[in-house]
Amino acid sequence: MTWDPFEQAPHDAINWFRDRVPVTVSEWSTLSQDARRKAFFISGTSQLDLIGDVHKSLLKALEEGKSFAEWKKEMKPRLEAAWKASGQGPTTTAQINNRMGTIFQNNIQSAYQAGRFRQMTDPDVLKERPIWVFVAIRDDRTSDICRRLNGTTLPHDDPFWIKNHPPRHPRCRSSIRAIPAGDAQLKAAPAGVEASPGWGTMPKAGEWANEIGKGVAQGAAASTWTPAWNGNAPTAVKGYGLPAQLPARPLPRNPQATPATRQIVSDPLDTVLIYNPEIAPLPAGVTGEVLQETLENPAEIWLMPMQSSKGTLVYRQRHISSYQDGDETLLVVVESHRGVVISIHVLPEEKAGEVRQGFLRFSNISA
């Protein structure tokens, strides 16, 4: 079969968009400008499950090359119902269509431009095409702030690009073209043409995970959370037939172990967890080594549905292990909220039944 480059999925754009983290508006507002590029939110709704579903639908649109009309047909009923229920979103058909068009174009265009950025900054590409040209689509819909920049031609490492990378405003259609140095006639940008607030930043790598971790933690702390069960949650004994007490393993003691620092950890289920000691400081008796052991090799992982006082539903995970420290048994519980470690507790052994409940996702002990 003949390979056609124009029929290939935009893998760099897809990978960039896949890594975006769904957050609520309140969580997004706490993030730095760089971290916001890695966060995905929808104004007018605090329903995290809906935000996550919209993110998945846009990712699917990227992967399958869906048009705006196809995507709108799929997601309009849910978004329309959520906006009307919240009283914060668009209400008329024209307003809803316009808002959905903005969501689709902003996210798809951001993904394409981030994917193109990754391609243009490949060392081999930079060697052959080190000059960048700002290209605006010139028609009656072109914004003045992009029209005036059209044709700006500067080296890729010029400071201009740091705050002027497309998209530079909502529904921006501009792009950047890379050209060889021999083809370039440099042209500086006109003075005083700035991107809209919150737009135009270069999709550079950064510690976005820790920024998002802080945003998620602050968003969680802003509400009161209660278990979202109808009736009693299953427990280790009543529901799964597991032993009432976890078998205690020796407490890790490595004098060479490093203290707990900012890190991203994967557990046995390949769940990615963000840990920041500023969010969840270690309690007495727990070292960085114990924390890592509990996350990477827990005795059990439990999933507990929790609902906030604002109506948001999330599933919190609890990584649990029991350790023997001399004559004392330590029950270590690490709780995470949407992939961010928000608390670490050391509990008495008799408290095991209170935290070993919900959906059992993983266990390395026998019933």
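Nothing in this text is a laboratory measurement; each read-out follows from the coordinates by a stated rule. Everything quoted here is computed from the prediction, not taken from an experiment. Every residue, glycine among them, receives a Cβ derived from its backbone with ideal geometry; neighbour counts consider all protein chains shown.
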(request) Based on other C-beta atoms within 10 Å, arrange F117, F362 from fewest to most. (result) F362, F117
(message) Under 5 Å between amide hydrogens, which residues at least 5 positions from I342 or on another chain qualify, with H placed 1.01 Å from N in the peptide plane?
(response) E335, S336, H337
(message) Between 0 and 90 degrees, rounded to the nearest ten: what's the tilt of helix 48-64 against the longest Cα principal axis of the chain?
(response) 50 degrees
(request) Please compute the net charge surrounding D325, taking Lys and Arg as +1 and Asp and Glu as -1 over other residues with Cβ under 14 Å from its Cβ. (result) -3
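Taking neighbour counts of Cβ atoms within 10 Å as a proxy for exposure, in what order, fewest first, do V346, V290 appear?
Ordered by Cβ neighbours within 10 Å, fewest first: V346, V290.
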(request) Measure up K60/K127; K163/K187; K66/K310; K38/K163 against 23 Å on the Cα-Cα distance and list the ones that go over. (result) K60/K127; K66/K310
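Could you give the size of the charge dipole of region 90-172 about its Cα centre, using +1 on the Cβ of each K and R and -1 on the Cβ of each D and E, expressed in debye and rounded to the nearest 20?
My answer is approximately 260 debye.
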(message) Taking just the alpha carbons, could you work out the radius of gyration and Dmax for the chain, both in angstroms?
(response) 24.6, 78
(request) Would you order S26, S67 from fewest to most other beta-carbon atoms within 10 Å of each residue's own beta-carbon? (result) S67, S26
(request) For n ≥ 4 DSSP H runs only, could you compute -39500 (n - 2.57) per run for the chain, divide by its residues and tell me the 222 nm figure to the nearest 500? (result) -9500 deg cm²/dmol
(request) Determine the percent antiparallel among the DSSP beta bridges restricted to the chain, to the nearest 5. (result) 90 percent
